[in-house]
1. Name every residue in the stretch 113-129 that is surrounded by 24 or more Cβ atoms within 10 Å (Cβ to Cβ) and either farther than 30 Å from Y244 by Cα or hydrophobic (A, V, I, L, M, F, W, C) (or both), in order of residue number.
2. Here is a check on your reading of the model: is E201 at pLDDT below 95, among the charged types (D, E, K, R) and surrounded by 12 or more Cβ atoms within 10 Å (Cβ to Cβ)?
3. Tell me which residues, restricted to the stretch 168-204, are outside any loop (DSSP other than H, G, I, E, B) and of a type in the set (S, T, Y).
4. Identify, please: which residue in the stretch 117-139 is touching a helix residue (DSSP H, G or I) at 6+ places or on another chain (Cβ under 7 Å) and touching a residue at least 60 places away in the same chain (Cβ under 8 Å) and is, among those, farthest from W38 (Cα to Cα)?
5. Considering each residue of the stretch 237-256, count those that are touching a Pro at 6+ places or on another chain (Cβ under 9 Å) and surrounded by 21 or more Cβ atoms within 10 Å (Cβ to Cβ), and give that number.
6. If a residue has to be at pLDDT 95 or above and crowded, with 19+ Cβ neighbours inside 10 Å to count, how many in the stretch 145-174 make the cut?
7. Give the number of residues within the stretch 257-270 that are out of contact with any Gly (no Cβ under 8 Å at 6 or more places or on another chain), part of a helix (DSSP H, G or I), crowded, with 19+ Cβ neighbours inside 10 Å and not aromatic (F, W, Y).
Amino acid sequence: MAALLPSDAAEAAKRSAGLLKSGLGDIPPVAVITGSGWDPILEGLQSKGTMTFEEAGLPGAGVEGHAGNISLRATGSGDLLVQEGRLHTHEGFSALEVSLSVLAMAELDVRVILMLNAAGSLMPASLPGDLLLTADHIYFSGDNPLRGVPDSEGRSKFVWTGDAYPEDLREMIKMCLPPGTPVEKGVYAFVGGPTYETETEAVFLRLSGADAVGMSTVPEVLMARYAGIPVAALSCLSNVILPYTMTGLTHANVLEVVRVTASNLTGFLENFAAQAYMIL
C-alpha cells in the first residue's frame, strides 16, 4: 500500500468506512481498540462478523499479539465495534496511517472509543499486571497524525488536548472493572520504539512526569480528538522499569503478562458496553 498523504486522509477514511459498512452491516456507536496481548478480553463475546484490516482498506498488522481484524461483538446492551490489534509507527507506518481507522470510525458515527494497550511502568510500587487509566499523555514524537491534514467539515487540526481523557469516562471504566480490581490513574508517555528504554531514558521519562511508557495509542487519541470522539485509555503494566529491571525483557514477556491480566477481567467489556450505551 502506498504511503498515505495527509491530503488524501479524508477520502481514505471514507473508503474504509464504506468497506466496513458493506462488510459488517450497521456499525454500532461504541468501539474498542485492543493492544498487545489483550485478545482474551474478547472471549465470550459472540462475533457477528469479521474483516481483516486489508479488507477494510487499511494496512495489515504485523506485530505478534495484534490479530489485525475488525469485528462486531455482541453484548447484552448492544454491539461493539472491535479493532483487534493496531498498527505502530515502529512498523514503518506514519502516525496518520496508524490512526486512519479512528478517522474511519468517525465517518461511521462512532461516539466513544475504549483503547487498550500494554505499557512499561515507571512507578516503583507497581507490579506486572497492574492497570493504569490514562489521565494525560506526553507525546515524544515529531510525527503528529494531524500534520498536514487540511481543516475540513468543521474540523481543525489545531486540537485542544487538555481534556483528551475525560474524567467521567475514566470513572466509568473503573466501575466496569471486576470488583476489587486495583487501577491507578497516571500519565502515559509515547515513544516510537521498537527498542525498549535505556536506564537513562527511563529516568528521564520519570522526571518528565510520566508514570508509564508505551509505543501506541496516543496517535489514535489525537485523531479521535480531531474527529470529536471521546476516548478512554487503559494500560496493562506488563513490566516495571524503575528501579531499572529491563534485563532480558522481550515482547513475548509482555504478551504473557497482558494475556493473564486480560483473562481475569471477566465481564469488563459487557459492563463497558452497558455503561457506554447509557451515556450516548
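The values are calculated or read from the model by the stated rules, or taken from the named source; none is laboratory data. Model, not experiment: these values are computed from the prediction. Neighbour counts are summed over all protein chains in view; Cβ atoms, including those assigned to glycine, are modelled from backbone coordinates with ideal geometry.
1. Residues satisfying the conditions are I113, L114, M115, L116, A118, A119, L122.
2. Answer is no for this residue.
3. Listed by number, the residues that qualify are Y188, T200.
4. Among those that are touching a helix residue (DSSP H, G or I) at 6+ places or on another chain (Cβ under 7 Å) and touching a residue at least 60 places away in the same chain (Cβ under 8 Å), it is Y139.
5. Of the residues in that region, 2 qualify.
6. 7
7. Adding up the residues that qualify gives 1.
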